[in-house]
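K.L.:
Can you read through this structure? Questions will come right after.
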Amino acid sequence: MFDFIQLIVAAIFLLSGLFISISATFGIFKFTSPLKRIHSAAMGDTLGISLCFLGLIVLSGFHFSSLKLFLILIFLWFASPVSSHLLTRLELTIDEDAKKECEVMKQ
């Protein structure tokens with residue numbers, strides 16, 4: 001009975017992570033502004049991969065390989081927002097239209 005519950009919980013995590021990743025992919029192609037594309041990619045990357053890794057942790061059981069997956073998850077939580085922040089700063093430094101769009105948003 002516990003194996004069936006474990007399988008159901010892992011499937012929920014994996015399917016929701018897959019849904020968020022696919023939604024983020026559509027967002028990357030659908031949005032017009034580069035800043036919105038970066039935001040969609042960063043949110044999909046962080047949340048989608050996190051849910052998939054949580055599903056894999058639940059599916060594999062709680063032992064040493066789960067610890068490895070959890071450490072990879074922690075690394076992704078730190079690396080993904082930092083890299084998307086750096087890409088956003090680069091876009092704001094290079095693109096004049098993005099600067100104007102951000103100034104309009106502040107007002």
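The values are calculated or read from the model by the stated rules, or taken from the named source; none is laboratory data. Keep in mind that this is a model prediction, so the values were computed, not measured. Here Cβ is always computed from backbone atoms with ideal geometry, including for glycine, and neighbour counts include all displayed protein chains.
K.L.:
Of a type outside the set (Val, Ile, Thr), exposed (fewer than 12 other Cβ atoms within 10 Å of the Cβ), part of a helix (DSSP H, G or I) and out of contact with any strand residue (DSSP E or B) (no Cβ under 8 Å at 6 or more places or on another chain) - does that describe any residue in the stretch 39-52?
P.N.:
no
K.L.:
Taking only the stretch 17-32 into account, find how many residues are loosely packed, with under 12 Cβ neighbours inside 10 Å and closer than 26 Å to Ile74 by Cβ.
P.N.:
0
K.L.:
Another question, if that's okay. Among (1) of a type in the set (A, V, I, L, M, F, W, C); (2) modelled with pLDDT of 90 or more; (3) closer than 27 Å to Leu92 by Cα; (4) under 12 Å from the mean Cα position of the chain (by Cα), there is one condition Phe75 misses while meeting the rest; what is its number?
P.N.:
(4)
K.L.:
Here are Leu35, Leu14: which of them is surrounded by fewer than 19 Cβ atoms within 10 Å (Cβ to Cβ) and farther than 24 Å from Leu87 by Cβ?
P.N.:
Criteria check complete, one pass: Leu14.
K.L.:
Okay, next question. In the set Ser33, Ser65, which member is more than 30 Å from Asp97 (Cβ to Cβ) and more than 12 Å from the chain's Cα centre (by Cα)?
P.N.:
None of the other options fit; the residue is Ser65.
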